[in-house]
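S.K.: Sending over a structure as structure tokens; questions will come in a sec.
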Amino acid sequence: MSTAVASSLAPEVPISDLDPYADEVLSNPYPYYAKLRDLGPVVWLDRYQVYALARHDEIHAVLSDPHNFCSSAGVGLANFHTEEPWRKPSIILEADPPAHSGIRKVVARILSPANISKLRPTFEAEADKLVDRVLAKGHFDAASEFCEAYPLKVFADAVGLPAEGRENLLPYGDMVFNGFGPINERFSKRLESSSGAVQWINNICRRENLSENGLGAQLYAAADAGELTQDEAGMLVRTLLSAGLDTTVFTLCNALVSFAQNPDQYAILRSNPALARQSVEEVIRYEPTFHSFYRTTAKRVEIAGVAMDTSQKIVVFIGSANRDPRRWENPDKFDITRRATGNLGFGTGIHGCAGQMMARLEGDILLSALARKMKSIELTGEPVQHYNNTVRGYTSIPVSTTTN
């Protein structure tokens with residue numbers, strides 16, 4: 001796509017020079033999202049030659065229609081139908097029906113509520129131990145010592161990873177999610193520094209390196225049953241490790257910061273820890289981890305009256321949809337009494353996040369343990385944001401706490 005495309009746009013399509021990957025936008029994207037929403041249901045981002053959707057209804061419609069808006073061309077800016085992918089495409093996230101359907105069925109079964117609910121007792125015990133440990137310290141970095149520590153323990157154990165080498169998991173995921181945006185300096189630096197992490201990931205996803213009863217072993221058992229190939233099982237273990245860790249870490253980070261900045265909401269949670277599950281949903285709406293994804297037109301289509309040619313990239317700003325006043329009342333208010341179901345934090349449709357039940361389980365358990373044991377959460381310094389092309393969270397959250 002070039003300037004010729006921009007010049008041929010219908011007159012009703014507004015053009016924006018916004019760079020959604022610039023540091024100043026990533027620092028606080030919400031005012032920029034509001035401007036995009038106000039421009040119209042479809043906006044042309046001239047810098048990247050893509051259409052952008054920032055309103056809830058249009059984004060929901062695109063994510064719910066895999067036949068017209070495909071994923072096999074990649075869910076990032078690069079078009080895998082016309083460009084050489086810099087990595088192997090995900091066989092679940094970047095596949096279309098019918099190829100997607102059988103693999104998704106296997107993953108959905110392994111990550112089903114019934115299967116992962118068996119993990120609850122272990123997850124609860126680990127949450128209690130972690131909360132007690134940080135409470136004993138009084139002052140700690142909630143990002144590294146809490147929000148990272150919990151999934152790196154419980155989720156990695158659930159997959160069946162050995163304890164050694166887990167420090168490679170977050171750099172690997174950071175590389176993957178940076179790759180959904182442009183090949184900018186942020187991505188290049190992470191790619192350069194992640195060769196060791198990639199090598200470790202490729203090795204650890206082999207069957208012989210996983211425990212016998214974990215989620216990874218269950219994927220290989222599905223291969224034994226003929227539902228997958230052995231190679232596909234290994235690729236899906238790798239997908240679990242990128243999609244199921246960084247996102248949960250950042251969701252927990254965003255929860256801690258949201259509660260620290262809104263002590264009235266933490267007081268509500270403390271008065272009723274059963275609201276932990278509902279609180280997770282509001283965190284995902286109010287401060288989602290994922291902020292953007294791409295789809296590609298599979299044929300000539302129309303969105304909100306705008307005609308688009310085949311193989312056109314479209315960026316959907318999930319973080320904007322979750323703050324759209326057309327869908328949410330007082331969208332910029334963090335309110336854990338809100339019924340935030342229907343938010344797009346995990347996507348929707350056949351490509352909605354397969355691991356979302358796992359993320360919700362971890363968040364529910366950890367926030368519940370906090371509410372039962374921790375009287376207050378106070379920031380003792382400015383949280384340090386983690387900059388990534390696709391996901392949003394923190395690398396440091398200095399806090400102090402008090403016990404009941």
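S.K.: Only residues in the stretch 34-54 that are part of a helix (DSSP H, G or I) count as the first member; pair them with residues that are hydroxyl-bearing (Ser, Thr, Tyr) and open to solvent by 10 Å² or more (accessible area, probe 1.4 Å), Cβ under 7 angstrom, at least 6 apart or cross-chain, and list the lot.
M.R.: Every condition considered, the pairs that remain are Leu36/Ser16; Leu39/Ser16.
S.K.: What's the total number of residues in the stretch 236-279 that are touching a strand residue (DSSP E or B) at 6+ places or on another chain (Cβ under 8 Å) and small (Gly, Ala, Ser)?
M.R.: 1
S.K.: Cβ-Cβ distance below 7 Å, separation of 6 or more or different chains: which pairs start in the stretch 100-128 with a residue that is farther than 22 Å from Pro66 by Cα and touching a residue at least 40 places away in the same chain (Cβ under 8 Å) and end on one that is of a type in the set (D, E, K, R) and open to solvent by less than 40 Å² (accessible area, probe 1.4 Å)?
M.R.: Note: pairs meeting the criteria are Phe123/Glu362.
S.K.: Would you point out the residue of the stretch 392-404, among those that are under 20 Å from Lys153 (Cβ atoms) and either in a helix (DSSP H, G or I) or not hydrophobic (A, V, I, L, M, F, W, C) (or both), that is least open to solvent (accessible area, probe 1.4 Å)? Steps first, please.
M.R.: Pass one, the stretch 392-404, residues under 20 Å from Lys153 (Cβ atoms): 393-397, 399, 401.
Still in the list and also either in a helix (DSSP H, G or I) or not hydrophobic (A, V, I, L, M, F, W, C) (or both): 393-396, 401.
Details: Gly393: 1, Tyr394: 33, Thr395: 61, Ser396: 29, Thr401: 19 Å².
So the residue we want is Gly393.
S.K.: Scan the stretch 337-352 for residues that are more than 20 Å from the chain's Cα centre (by Cα) and either open to solvent by less than 10 Å² (accessible area, probe 1.4 Å) or under 17 Å from Ser64 (Cβ atoms) (or both) and report the count. Break it down stepwise before answering.
M.R.: Within the stretch 337-352, the subset more than 20 Å from the chain's Cα centre (by Cα) is 337-339.
From the residues that got through so far, the ones that are either open to solvent by less than 10 Å² (accessible area, probe 1.4 Å) or under 17 Å from Ser64 (Cβ atoms) (or both) too are none.
Total meeting the criteria: 0.
S.K.: Same structure, new question: Would a scan of the stretch 297-310 turn up a residue that is among the charged types (D, E, K, R) and within 30 Å of Asp364 (Cβ to Cβ)?
M.R.: Our first condition is that a residue be among the charged types (D, E, K, R); within the stretch 297-310, this holds for 299-300, 302, 309.
From the residues that got through so far, the ones that are within 30 Å of Asp364 (Cβ to Cβ) too are none.
No; the residues of the stretch 297-310 include none that is among the charged types (D, E, K, R) and within 30 Å of Asp364 (Cβ to Cβ).
S.K.: Check whether at least one residue in the stretch 371-391 is within 15 Å of Asn262 (Cα to Cα), assigned to a helix (DSSP H, G or I) and modelled with pLDDT of 95 or more, and report yes or no.
M.R.: Yes, the stretch 371-391 contains at least one residue that is within 15 Å of Asn262 (Cα to Cα), assigned to a helix (DSSP H, G or I) and modelled with pLDDT of 95 or more.
S.K.: Would a scan of the stretch 315-325 turn up a residue that is open to solvent by less than 10 Å² (accessible area, probe 1.4 Å), in a strand (DSSP E or B) and closer than 17 Å to Phe69 by Cα? Before the answer, list the steps.
M.R.: Let us first name the residues in the stretch 315-325 that are open to solvent by less than 10 Å² (accessible area, probe 1.4 Å), namely 315-322, 324.
Narrowing further to those that are in a strand (DSSP E or B): 315-316.
This time we only want the ones that are closer than 17 Å to Phe69 by Cα, so: 315-316.
Yes, because at least one residue in the stretch 315-325 is open to solvent by less than 10 Å² (accessible area, probe 1.4 Å), in a strand (DSSP E or B) and closer than 17 Å to Phe69 by Cα.
S.K.: Moving on to the next point. Regarding the stretch 353-363, can at least one residue be identified that is open to solvent by 20 Å² or more (accessible area, probe 1.4 Å), within 16 Å of Thr251 (Cα to Cα) and without any contact (Cβ under 8 Å) to a residue 40 or more places away in the chain?
M.R.: Yes, because at least one residue in the stretch 353-363 is open to solvent by 20 Å² or more (accessible area, probe 1.4 Å), within 16 Å of Thr251 (Cα to Cα) and without any contact (Cβ under 8 Å) to a residue 40 or more places away in the chain.
S.K.: Search the stretch 66-86 for residues that are at positive phi and pair each with any residue that is part of a loop (DSSP other than H, G, I, E, B) when their beta-carbon atoms are under 7 Å apart and the residues are at least 6 apart or on different chains.
M.R.: Gly74/Phe80; Gly74/Pro85; Gly74/Pro89; Gly74/Glu94
Yes/no matrix, rows are residues, columns are (1) within 30 Å of Gly381 (Cα to Cα); (2) in contact with a helix residue (DSSP H, G or I) (Cβ under 6 Å, 6 or more places away or on another chain); (3) not polar (S, T, N, Q):
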residue	(1), (2), (3)
Val62	no, no, yes
Pro89	no, no, yes
Ser117	no, no, no
Arg133	yes, no, yes
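S.K.: Looking at the stretch 71-86, which of its residues are open to solvent by 10 Å² or more (accessible area, probe 1.4 Å) and within 19 Å of Val107 (Cβ to Cβ)?
M.R.: Residue satisfying the conditions is Ser72 alone.
S.K.: Find the helices (runs of 4 or more DSSP H) located wholly in the stretch 91-184 whose residues include 3 or more that are closer than 30 Å to Glu227 by Cα and open to solvent by less than 60 Å² (accessible area, probe 1.4 Å), and list them.
M.R.: Numbers: elements: 99-110, 113-116, 120-137, 149-159, 169-178.
Qualifying helices (runs of 4 or more DSSP H): 99-110, 149-159, 169-178.
S.K.: Within the set of pairs 6 or more residues apart or between chains, which connect a residue that is among the charged types (D, E, K, R) inside the stretch 151-165 to a residue that is in a helix (DSSP H, G or I) with Cβ atoms less than 6 Å apart?
M.R.: Taking only residues 6 or more apart or on different chains, the pairs are Lys153/Glu126.
S.K.: State whether one or more residues within the stretch 312-335 are under 30 Å from Leu219 (Cβ atoms) and hydroxyl-bearing (Ser, Thr, Tyr). Step through it out loud before you land on a result.
M.R.: Step one: filter the stretch 312-335 for residues under 30 Å from Leu219 (Cβ atoms), giving 316, 318.
From what is left, the residues that are hydroxyl-bearing (Ser, Thr, Tyr) are none.
No.
S.K.: I'd like to verify a number: residues in the stretch 378-391 that are surrounded by 22 or more Cβ atoms within 10 Å (Cβ to Cβ) and either under 24 Å from Phe123 (Cα atoms) or β-branched (Val, Ile, Thr) (or both), how many?
M.R.: Residues flagged as surrounded by 22 or more Cβ atoms within 10 Å (Cβ to Cβ) and either under 24 Å from Phe123 (Cα atoms) or β-branched (Val, Ile, Thr) (or both) within the stretch 378-391 amount to 2.
S.K.: Let me ask something else about it. For residues in the stretch 251-305 being over 20 Å from Lys373 (Cα atoms) and basic (Lys, Arg), which is most open to solvent (accessible area, probe 1.4 Å)?
M.R.: Applying the filter and picking the extreme gives Arg300.
S.K.: Does the stretch 229-238 include one or more residues that are modelled with pLDDT under 95, open to solvent by 10 Å² or more (accessible area, probe 1.4 Å), under 20 Å from the mean Cα position of the chain (by Cα) and not hydrophobic (A, V, I, L, M, F, W, C)?
M.R.: Yes: one or more hits.
S.K.: Shifting gears a bit: Going by the structure shown, is Val62 in a loop (DSSP other than H, G, I, E, B) and open to solvent by less than 20 Å² (accessible area, probe 1.4 Å)?
M.R.: Values: in a loop (DSSP other than H, G, I, E, B): no; open to solvent by less than 20 Å² (accessible area, probe 1.4 Å): yes.
Against the criterion (in a loop (DSSP other than H, G, I, E, B) and open to solvent by less than 20 Å² (accessible area, probe 1.4 Å)), Val62 does not qualify.
S.K.: What are the pairs with Cβ atoms under 8 angstrom where one residue, in the stretch 189-216, is assigned to a helix (DSSP H, G or I) and the other, located anywhere, is basic (Lys, Arg)? Sequence gap at least six, or different chains.
M.R.: Ile201/Arg238; Asn202/Arg238; Gly216/Arg207
The values are calculated or read from the model by the stated rules, or taken from the named source; none is laboratory data. Predicted model only: the values in this text are computed from it and were never measured. For neighbour counting, all protein chains shown are included, and Cβ atoms are generated from backbone atoms with ideal geometry for every residue, glycine included. Areas reflect the complete protein model, heavy atoms only, side chains present, ligands, DNA and RNA absent. Shrake-Rupley method; radii C 1.70, N 1.55, O 1.52, S 1.80 Å.
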